[in-house]
Structure formats: structure tokens, C-alpha cells
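The values are calculated or read from the model by the stated rules, or taken from the named source; none is laboratory data. Please read these numbers as outputs of a predicted model, since none were measured by experiment. Cβ: placed from backbone, ideal geometry, glycine included. Neighbour counts: every protein chain shown.
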């Protein structure tokens, strides 16, 4: 385990959300890495300070009475809320939509902030982080099937692209399923493949980093990363698979996306 | 008394038993999201009214995250209605005196850990209140409401991976602000 992987997993560790295997890996790394040990100590200190400080708020008795009074009883009718608009089923769902719009706006400002910096490198780092996160137990797939005709429709309405989902089992890459991921706050489709024990995340989005016609190769924290653009989509493949095997994967995907043959 | 009225009262009783024990949790989240006690009370009342209306169709998950998700929607709808971002409020105004510094577990605290230990409850509450929205929501659901990552993901409507990165970001901002706050009192 390297420091980047470790840092990501420190939070689930102190929150008691890490499975035993990963917890052991993190703890083993921390015993040999002073930097990560320091980070872990600081995070634990923060957690304890927050647990010790009284961060809760007790609801005032008047509020409790108001709510009690609003509940149906033999003598009382539902009392209208004091300042909020009269609720209805419609405003309930309207609230959902407004919430989604608001978080969308927040996500958009985040993306602009990030894209002004070193765009490509930032996205590459994010993609690798998303890959590492996905390897955590239970986080790999939202839809688990080797059937491409199940995976592809699953993305409908979840992302604004129809990611190509290609069955490469015959070529030695098994389709595991699909997942909705967020990179820079934007929803991104991830199609998950596997060769032997190596997981490949293929991230597909309309715009994810700088467009590249030919595949760009990079190695980040020991993971091989390939990025290319095709058919108006940005593709990012990340895996701990050997570089030449990942290249082979990219060729197969590219050939299938572009049946007339890649340039 | 009609059968309908009986059913209504029975429902109200079940709702009261299931939902009212979480009132403090719902109120705490409302305080951090709305940043003012009057707005928070209105949001909580609206949340309970909506929850009662939808109680018939409630099949889970656990009651607490269900209520918190409704509260979150109430707050977001209110911000959208006002058409502006939340207004910053002076958080310490109506707060009681800070809690005592917690007892420390680790025998050898690092210098930074020692700084963290000295921050009192009022300061921590203020620093949380200053966090940008998605990070504030994540850290409050985790540290104040004590939800699991999966429950936070359900309340906020995002994948668990996003919850992880929001918590990491929240803690990193808090840590910097913490150090600044510490520097200011020295």
C-alpha cells in the first residue's frame, strides 16, 4: 500500500467503516510510514476533540410542544407551520428538485475551480482516486452483471452519456458490471472489467480532462492510466494491470467503439 | 368517534413513538444547515409535518436517516425559495458556555494533536458552521448525527465514494481552520 491509497482509507478507518483486510493493510503501512502515522494521529485527535466537545443541540421544549400539538388528537387539528409555506405533496417533491438543482449548482462551481488549475493532471489524479475507492469492499459495482445488455440500460438517466458497454470476455477481459461515480463533482459512468485478478475501471464522460485523439499513457502511484477521446466521449482506463495489457484493452474498446477501425 | 379518526390517532401515536425520540438529532442538523435557531425550528416542524404525511408509505430505512433526509430537503427547498445562499450567522451568540476539554487517550500527543485538544466546543461548532454546504452536511451527519457512510449516502443522495471524499475534504478544511483559530488566541 502506498501513501495515496493509505490517505484515502484513513477516514473510513477512524470512522470504523473499513473492512478488516483493508484496516490491516492501512495499519501495516502506518507502522512503517511516519507521514501517514502523523496524519492518522491528527485525524484521531480531531475525532476525539469533536466527540468530547458537545456538538449536539437539544431541541427547545417549545418546539417539542409545537410538534406534539400538530399531531392529530381528539381535540386538535393539524396546525399550520408558522413561517414556511403551506406544504403539499407537490412541494414535497418540489423540494427534492430544488435540492438537486442546488447541489448541481454547487458541483458546477467546484468543477470550474478545479478546471482552472492544471486540468489534465487534476483529472488524472481524481480518476486514480476513484479507482482506488472503488476497490474498497462493496464499492466496486452498482449493477453487477456480465451481461452488457443489462449494464448499458442501467446508465440511462443516471449519466448524460450512453457509455459503450462491450463484451470482451472472448478477448480475456471479463465484464463485471457498472457503477456511477463522481469525478470533480460530476457524474461519470464507470464500466468495470477484470483480467485475472486485476480490476479495470473504464470511466466514460462527455468531458473529462483535455481531449486526446490518441491514447495518453501515464503511471500514477503505480496504477496505469490511459486517456483518449473518441466519438465525442472522454475515456479513462485505470488498472494495476501491466501497461501493455492495458494498451491491449484500450485497443479492443477503441476498435469496438469505432467499428470502421481506429485511426 | 368514527373508525377513520381512530386510525388517524393510532397512526399519530405510532408516529410519535417512532419519530419524536429523534427530535434532538433532527434539530441539531437543522441548526447546522440553517445556521439560526428560528429558521431551524421552522424547518424541524415542517420536517415532522411532512414525515407524518408520508408515514403511511414509510417502509424504512431506519427512522433517523429517513427524518434527516426529509429535513435536508426542507432546508434545501427553503434556500431555493429564498433564491440565495445561506446567510452566515454569528454562531456563538446564543450558545451556552463551552464544554470541558475532553480527556486525552493517547499518551504522547503530537504537537498538532495537542492544538486540537485545546479547542473548545464553541470554537468547533463555529468552525463547522463556516464549512461550505456539502462538506458541512457530511461532517455533521457523521460526527453529530452519528450516521454510517451508507446512511449519509442515502440522506445526501450521493454515492458512498462521494461521502468519503466530502468527509476527507471537510476534515482537511477544519484542520486548517483549527490551526488558524489556535494561532489567533495565542
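Residue by residue, here is whether (1) in contact with a strand residue (DSSP E or B) (Cβ under 7 Å, 6 or more places away or on another chain); (2) at pLDDT 90 or above; (3) farther than 28 Å from residue B:122 by Cα; (4) buried (at least 18 other Cβ atoms within 10 Å of the Cβ) holds:
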| site | (1), (2), (3), (4) |
| --- | --- |
| B:45 | no, yes, no, yes |
| B:55 | no, no, yes, no |
| B:66 | no, yes, yes, yes |
| B:69 | no, yes, no, yes |
| B:74 | no, yes, no, yes |
| B:81 | no, no, yes, no |
Just for the stretch B:17-37: of the residues that are in a helix (DSSP H, G or I) and modelled with pLDDT under 90, which one is farthest from the other protein chains (Cβ to nearest Cβ)?
B:17
Would you mind listing the strands (runs of 3 or more DSSP E) fully within the stretch A:173-246 where at least 1 residues are over 21 Å from the mean Cα position of the chain (by Cα)?
A:174-183, A:186-195, A:216-220, A:223-230
Answer yes if at least one residue in the stretch A:59-78 is farther than 30 Å from residue B:69 by Cβ, within 8 Å of another protein chain (Cβ to nearest Cβ), surrounded by fewer than 16 Cβ atoms within 10 Å (Cβ to Cβ) and modelled with pLDDT of 90 or more, and no otherwise.
no
Scan of the stretch A:148-167 for residues that are in contact with a strand residue (DSSP E or B) (Cβ under 8 Å, 6 or more places away or on another chain) and without any contact (Cβ under 8 Å) to a residue 12 or more places away in the chain, ordered by number
A:150, A:162
Do we have any residue at all in the stretch A:33-40 that's in contact with a helix residue (DSSP H, G or I) (Cβ under 9 Å, 6 or more places away or on another chain), more than 20 Å from residue B:146 (Cα to Cα) and at the interface with another protein chain (Cβ under 8 Å from one of its Cβ atoms)?
yes
Check on residue B:12, touching a residue at least 40 places away in the same chain (Cβ under 8 Å), at the interface with chain A (Cβ under 8 Å from one of its Cβ atoms) and either in a helix (DSSP H, G or I) or surrounded by 21 or more Cβ atoms within 10 Å (Cβ to Cβ) (or both)
yes
What do you reckon, is residue A:43 within 20 Å of residue B:147 (Cα to Cα), more than 8 Å from chain B (Cβ to nearest Cβ) and not in a loop (DSSP other than H, G, I, E, B)?
no
Taking the residues in the stretch B:155-165 that are within 17 Å of residue A:188 (Cα to Cα), more than 7 Å from chain A (Cβ to nearest Cβ) and out of contact with any strand residue (DSSP E or B) (no Cβ under 9 Å at 6 or more places or on another chain) as candidates, determine which candidate is surrounded by the most Cβ atoms within 10 Å (Cβ to Cβ).
B:163
